[in-house]
Amino acid sequence: MNYDYDLIVVGAGGAGLAAAVSAAQQGLRVLTLESEDEIGGSTQLSAGMLTAAGTEVQSSLGVEDSAERMFQHYMDLNQWRVLPGPTRMFCEQSSTLIDWLLDLGVEIPSQLSRNAHMPGLTRAGVEDVWRGHVPKDQGYGLVQALDRARRRLKVDLALGSRATDLIREGPAVRGVVIDDAEVTAPSTVIASGGLAQNPDLVRTYFPDAHLAEDALFVVAAPGSRGDHIALAQRHDLSIFGRGWGLLLVTAEFQRFHHWQSGFPPVSRIHVNSTGHRCMDEDAPYAVSPGILKDHGGHVWAIFDETARTSLPPGYADWAADRVLEEVGKGVVNRAETIPELAARITVPTANLVRSVERFNTMLGHGHDEDFLRHESLAAKQIDPHLTPVETGPFYAVRMLPAELVCTHTGLRINSRAQVLDTNGRVVPGLYAAGEAAGGILGERYVGGGNSVAHALVLGRLAGQQAAQRLDEKEPVT
């Protein structure tokens, strides 16, 4: 059969670009399809952080780590409910991914970083050692480096081109359908993103996203419409990861990612419906939505006038004037005293008063014996000696798992990024990467950089596997 290309990649986000570049480096003729008018997908909108183990960046900073250690932590956090084979591959490939990106011109300096927006090595979440590799210029920088390589390797790119179906020849995939046109290749990589921008699919495959009700907002790329789900239904492809995804805990009035929204005041206390403090207010987003589920789906953030007026200006949500606007709407509660605030949010007065007093005493001395928040603050290089919550008026706002970042329901893959059908058989010529791939991203998001690294590792691997398959001159089964 005479093919139009050696490889077709569906999607030009981080996963798709990694697949295209890695395949082209092996000499394949590659076509990359992108349904939107620009490349980058959700990777371009991200901080670009990459979780990886056993890297030169870690070693240069005295951090001892290994793929085996990362794998054990990853599996334990997800209660071994993700697929062990693909997950071990992901951990093993994470180190060489960093080397590959550095060779492509991505800059990740060997320095400690205090957050996801400062280049270097940072604490990404709940990992046992620091694994968050923050590149210069964030996700945009990653995409630009990959796209420079794409252009240099003469990979064809078709914007505004949405693949609507697969071409099958027996069990094998031989290309894709774009509108009414067919484009053929012996291998295809589905890297079309997640399903966060498709409300119907979110309700079906990630219903927890609707715990926040009207406060829910989505920050995934517009192309995250779940096209892989339709392909799975049409071609009996196996799906894995139903019910899983990443939600960030945000204030009820928040509508933007924190780059634009700003951050809540550091001096705040989170209490549950009984008025008891119930968590580290800076708990990593890998686990904070799960903590909220244990407390009825939300907690109250309590802060005072000093905290409100100390918010930096220029942000869309967490700004002093905006908080007052939300008071006027009734979304943020305000009272002159803590007992009055307790009455407004209908929590037991004595409990809230005791919680605030204990918070002030512990964090005033820089040590939180209840939830160890001083360690979370120290990781961000923030002084744990917090200003007491004591100056009225006082404020309370619900914190909800309301920011939908990504979804984890994808085409089930093996450790070679090959897609499996509903009978557990490899579909020859079909690979998946990024959010369209299921098996590695679990119910518990391991930490910042997990999704981006997952996308690039699988994309790079899928491109390499497509090249190997072409060399073998026969389907890999």
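The values are calculated or read from the model by the stated rules, or taken from the named source; none is laboratory data. Everything numeric here is computed off the predicted structure, so don't read it as measured data. Ideal geometry is used to build each Cβ from the backbone, glycine not excepted, and the neighbour counts take in all protein chains shown. In case anyone asks, the SASA skips ligands and DNA or RNA and just uses the protein heavy atoms, side chains included. Shrake-Rupley method; radii C 1.70, N 1.55, O 1.52, S 1.80 Å.
I need the calculated FRET efficiency for the pair Arg29 and Leu159, taking r as the beta carbon distance and R₀ as 25 Å, to the nearest 0.05.
0.85
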- Task: Note the listed values (i) 1.02; (ii) 1.13; (iii) 1.18, then indicate which one is Cα Rg over 2.2 N^0.38 Å calculated from this particular structure.
- Result: (i)
- Hey, what angle do you get for helix 450-472 against the long axis of the chain, alpha-carbon based, 0 to 90 degrees rounded to 10? 10 degrees
- In debye to the nearest 20, how big a dipole does the range 1-136 give about its Cα centre with +1 on each Lys and Arg Cβ and -1 on each Asp and Glu Cβ? 320 debye
- Task: Taking the Cα centre of the range 247-403 as origin, work out the dipole magnitude from +1 charges on Lys and Arg Cβ and -1 charges on Asp and Glu Cβ, in debye rounded to 20.
- Result: 320 debye
- Between the alpha carbon centres of the range 72-119 and the range 172-224 the gap in Å comes to 24 Å
- Added length on full extension, which subtracts the Cα-Cα distance from 0.36 nm per residue, Glu375 to Glu107: 93.6 nm
- Item | Nearest-ten-degree value, helix 84-103 long axis tilted from longest Cα axis of the chain | 90 degrees
- Item | Once the Cα gyration tensor of the range 172-301 is diagonalised, semi-axes √(5λ) in Å | 38, 15, 12
- Rounded to a whole %, the carbon-and-sulfur portion of the accessible area of the chain at a 1.4 Å probe is 47 percent
- Query: Just how many pairs of Lys in the chain have C-alpha atoms closer than 27 Å, counting pairs that are eight or more places apart or on different chains?
  - Reply: 5
- Task: Compute the separation of the alpha-carbon centres of the range 325-349 and the range 393-408 and state it in Å as a whole number.
- Result: 17 Å
- Item | Under 5 Å, built H, 5+ apart or other chain: amide partners of Gly13 | Gly40
- Residues with beta-carbon under 15 Å from that of Pro86, excluding Pro86: net charge, scoring Lys, Arg +1 and Asp, Glu -1? +3
- The answer for the chain, accessible area per residue at 1.4 Å probe in Å², is 39 Å²
- Normalised contact order of the chain, rounded percent, pairs of Cα under 8 Å and 6 or more residues apart: 24 percent
- With Cα atoms, 0 to 90° folded angle of helix 14-25 axis to the chain main axis: 30 degrees
- Query: Excluding His73 itself, what net charge comes from residues whose Cβ is under 12 Å from its Cβ, given Lys and Arg +1 and Asp and Glu -1?
  - Reply: -2
- Calculated [θ] (222 nm, deg cm²/dmol) that DSSP helices of n ≥ 4 give over the chain, each run adding -39,500 (n - 2.57): -10000 deg cm²/dmol
- Message: Of all beta bridges DSSP finds with both residues in the chain, what is the antiparallel percent, to the nearest 5?
- Response: 65 percent
- With every protein chain left in place, what is the accessible area of Lys329 in Å² (1.4 Å probe, nearest 10)? 130 Å²
- Task: Beta carbons within 10 angstrom, averaged per residue: use that to sort the peptides 389-395, 13-19, 118-124, 453-459, highest first.
- Result: 13-19, 453-459, 118-124, 389-395
- Item | Sum of side-chain charges, Arg373 neighbourhood, beta-carbon under 11 Å (Lys, Arg +1; Asp, Glu -1) | -4
